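In what follows, a single structure is set out as structure tokens and then discussed.
The values are calculated or read from the model by the stated rules, or taken from the named source; none is laboratory data. Keep in mind it's a predicted model, so treat the numbers as computed, not measured. Neighbour counts are summed over all protein chains in view; Cβ atoms, including those assigned to glycine, are modelled from backbone coordinates with ideal geometry. Only protein heavy atoms, including side chains, enter the accessible area calculation; ligands, DNA and RNA are left aside. Shrake-Rupley method; radii C 1.70, N 1.55, O 1.52, S 1.80 Å.
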Amino acid sequence: MNFDYSEEQQLLAASVRRFVEKQYDFDKDYRFEAREKIVASSEGYSEAIWSTFAEIGLLGLPFSPDAGGFGGSAVDLMSVMEVIGEALVVEPYLATVGVGAQFVARAGTNGQRQDLLPSVVSGKLKLAFAQTENGARYNLAHVATRARSTSEGYAISGEKRVVTHAPCADKLIVSARTSGGDTDPDGISVFIVDPRAPGVTMRAYRTIDQLRAADVLFKDAHVSAGALIGQKGGGLALVEEVIDYATALLCAEAVGAIKYANDATLEYLKTRKQFGAPIGSFQALQHRMVDMVISGEQAKSMASLACAKVDSTIDPVERKRIVSAAKIKIADVCRHVGQEAIQLHGGMGMSDELKISHTFRRLTVIAQQFGDADYHLERFAKA
């Protein structure tokens, strides 16, 4: 399999990289002043950057031309996700384009697609997926939130935890149970919910990697019958399909963050001197650096395979095996490269002033997001 990017993909990545380098600039000491201002803002992201993403076509990349998009594949998104990972972009790109809008694009009605996707492509609509609950860990079938049928649609009650980018979302995509027990594979449905609707409350906070998230409480939050995405009670397969797609993109984001960690560590080894010589001249540290680079290349290969297969694989069993195999490797490399980068930088590698400390935090979160290595190892064995 050829993992090289096409000329168009390389040009797209280059244009995105130039933009984020300007907007997420850091000074000669690798301090992240521009990003710090965005993170410290009340919104936690930059509306100006989000609008530029729309202007240059990033928000429409994976969607059909009917919605104003370009019909791109997950492989086309890989180069963009790598740049996002390298620059530590905090805008809700994955949450909106890689998760929320995918539910509508894959299973929404014609009306839902026409109402929502053009707004996503133009940057007017941001989405977040509310799935995780107390005690669920990574089990997508564990849904205790209930959607009770009413004369006008449904009333949703329950609580979702750590909904990434929920504070800035214009719409929430919510999994709720219309029948069955809390862990039954059948009976799960997916709904579009207005986060400002009566009965919806949030407790917002900042995560360790400086993204915004919220715990969302639904108390008889009413939605119309037209808010249902896909088949009533048959939403688990859709949730698994979308999360596998998002996991493949997350792996690509990790590749970008890993690349930065390796590049920054190599540069530090070349410039930091001890005993009158650059510490990169010490053979033991050279060996550790080589192991980091090898791990990075392995991660890129697995991410490329996952992105290639989530678009082309029809068999869900094969899709699950490939995505889980990729996430196992990515989680392992995130831990290895992240921890080694901090070790080789020394104590200053953990200071907030250096970008490498923020990269380490993001790699730590990526290793857990959408399932850690243990979860995916078990999933791979069962598939």
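For the reader, a short list of remarks on this structure follows.
- By the helix-only formula, in which each DSSP H run with n ≥ 4 contributes -39500 (n - 2.57) and the sum is divided by residues, the chain has a 222 nm mean residue ellipticity of -16500 deg cm²/dmol.
- Surface accessible to a 1.4 Å probe, per residue, for the residues of the range 209-308, Å²: 41
- Summed side-chain charge close to Gly158 - residues other than Gly158 whose Cβ falls under 14 Å, Lys, Arg +1, Asp, Glu -1: +1
- Annotation: peptides 216-223, 166-173, 91-98, 341-348, ranked by per-residue average of other Cβ atoms within 10 Å with the highest first, follow the order 91-98, 166-173, 216-223, 341-348.
- In this rough spin-label picture, where each label sits 7 Å from Cα along the Cβ direction, the Asp374-Val162 distance is 1.3 nm.
- Multiplying the residue separation of Lys124 and Ala197 by 0.36 nm and subtracting their alpha-carbon distance yields 24.4 nm.
- Under 20 Å from Lys37, Cα to Cα: aspartates and glutamates that are on another chain or at least 8 residues apart: Glu21, Asp25, Asp27, Asp29, Glu47, Glu86, Glu91, Asp209, Asp352, Glu353
- 11 Å beta-carbon shell around Ala331, net charge (K/R +1, D/E -1): 0
- Cross-link partners for Lys320 among the aspartates and glutamates, with Cα-Cα distance under 13 Å and sequence neighbours closer than 8 places in the same chain left out: Glu240, Glu241, Asp244, Asp311, Glu378.
- Proximal aspartates and glutamates to Lys273, defined as alpha-carbon separation beneath 13 angstrom and excluding residues fewer than eight positions away on the same chain: none
- The per residue volume of the convex hull around the alpha-carbon atoms of the range 166-273 is 144 Å³.
- Filter on Lys160/Lys329; Lys259/Lys329; Lys232/Lys327; Lys171/Lys219; Lys124/Lys327 - keep pairs with C-alpha separation over 24 Å: Lys160/Lys329; Lys232/Lys327; Lys124/Lys327
- Backbone N atoms of the range 103-133 closer than 18 Å to the 7 Å Cα→Cβ label point of Ser15 belong to residues 121-123.
- When +1 charges are put on Lys and Arg Cβ atoms and -1 charges on Asp and Glu Cβ atoms, the dipole computed for the chain relative to its Cα centre reaches about 560 debye.
- Kirkwood-type hydrodynamic radius, the range 191-247: 13.7 Å, calculated from all non-identical alpha-carbon pairs.
- Rg and Dmax over the alpha-carbon atoms of the range 136-208 stand at 12.8, 43 Å.
- The share of Cα pairs per 10 Å bin across the range 238-383, counted from zero up to the longest distance, runs 12, 39, 27, 15, 6, 1 percent.
- About its Cα centre, the range 296-383 has a charge dipole of approximately 220 debye under the convention of +1 per Lys or Arg Cβ and -1 per Asp or Glu Cβ, with nothing else charged.
- Protection proxy ranking of 365-373, 205-213 - average other beta-carbon atoms within 10 Å, highest first: 365-373, 205-213
- Share of alpha-carbon pairs per 10 Å distance bin for the range 5-86, given as whole %: 16, 44, 30, 9, 0
- Extending 7 Å from Cα along the Cβ direction at Ser41 and again at Leu266 yields two label points whose distance is 3.4 nm.
- Shape of the range 1-159, Cα gyration tensor, a/c cut at 1.5: prolate
- Its Kirkwood hydrodynamic radius, worked out from the mean inverse distance over all distinct Cα pairs, puts the chain at 21.4 Å.
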